[in-house]
Amino acid sequence: MTTIAWKCYRCDLTFKQETHANLHKDICKHEPREIRVALA
Ligand SMILES: [Zn+2]
């Protein structure tokens, strides 16, 4: 199974919630990319 997360490649940070990704975009002006990650 996979789920969607958002990754900022500049900071090498992964966000599991879109709201957090949007916050990062607002604060840092980076655009996190949507990625698929395997569920543990
Ligand atoms: Zn960033």
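For residue 20, are the conditions met, namely being out of contact with any Ser or Thr (no Cβ under 6 Å at 6 or more places or on another chain) and either in a loop (DSSP other than H, G, I, E, B) or open to solvent by less than 70 Å² (accessible area, probe 1.4 Å) (or both)? Walk me through how you get there before you give the answer.
On the way: out of contact with any Ser or Thr (no Cβ under 6 Å at 6 or more places or on another chain): yes; either in a loop (DSSP other than H, G, I, E, B) or open to solvent by less than 70 Å² (accessible area, probe 1.4 Å) (or both): no.
The answer is no for residue 20.
Go through the range 1-15 and report how many residues are open to solvent by 70 Å² or more (accessible area, probe 1.4 Å) and away from the ligand (no atom under 15 Å from the Cβ).
Pass one, the range 1-15, residues open to solvent by 70 Å² or more (accessible area, probe 1.4 Å): 1-2, 9-10, 12-14.
Next cut, away from the ligand (no atom under 15 Å from the Cβ) only: 1-2.
Of the residues in that region, 2 qualify.
In the range 23-32, what count of residues is obtained for those that are open to solvent by 100 Å² or more (accessible area, probe 1.4 Å) and either part of a loop (DSSP other than H, G, I, E, B) or among the small types (Gly, Ala, Ser) (or both)?
Residues meeting the conditions: 2.
Would you mind stating whether residue 29 is on the phi > 0 side of the Ramachandran plot and at pLDDT 95 or above? Steps first, answer last, please.
Values: on the phi > 0 side of the Ramachandran plot: yes; at pLDDT 95 or above: yes.
Considered against the rule, which asks whether it is on the phi > 0 side of the Ramachandran plot and at pLDDT 95 or above, residue 29 comes out as yes.
So which residues in the range 1-16 are aromatic (Phe, Trp, Tyr) and under 8 Å from the mean Cα position of the chain (by Cα), if there are any at all?
If we filter the range 1-16 for residues that are aromatic (Phe, Trp, Tyr), which is where we start, we get 6, 9, 15.
Those that are aromatic (Phe, Trp, Tyr) and under 8 Å from the mean Cα position of the chain (by Cα): 6, 15.
So is residue 40 more than 9 Å from the ligand (Cβ to nearest atom), free of Cβ contacts under 8 Å to residues at least 60 places away in the same chain and assigned to a loop (DSSP other than H, G, I, E, B) or not? It would help to see each step written out before you state the result.
Numbers: more than 9 Å from the ligand (Cβ to nearest atom): yes; free of Cβ contacts under 8 Å to residues at least 60 places away in the same chain: yes; assigned to a loop (DSSP other than H, G, I, E, B): yes.
Spelling it out, residue 40 is indeed more than 9 Å from the ligand (Cβ to nearest atom), free of Cβ contacts under 8 Å to residues at least 60 places away in the same chain and assigned to a loop (DSSP other than H, G, I, E, B).
The values are calculated or read from the model by the stated rules, or taken from the named source; none is laboratory data. Small disclaimer: the values here were computed from a predicted structure and weren't measured. Virtual Cβ from ideal backbone geometry, glycine too; neighbours counted across all protein chains shown. For the accessible areas, the whole protein counts, side chains as well, though only heavy atoms, and no ligand, DNA or RNA atoms are used. Shrake-Rupley method; radii C 1.70, N 1.55, O 1.52, S 1.80 Å.
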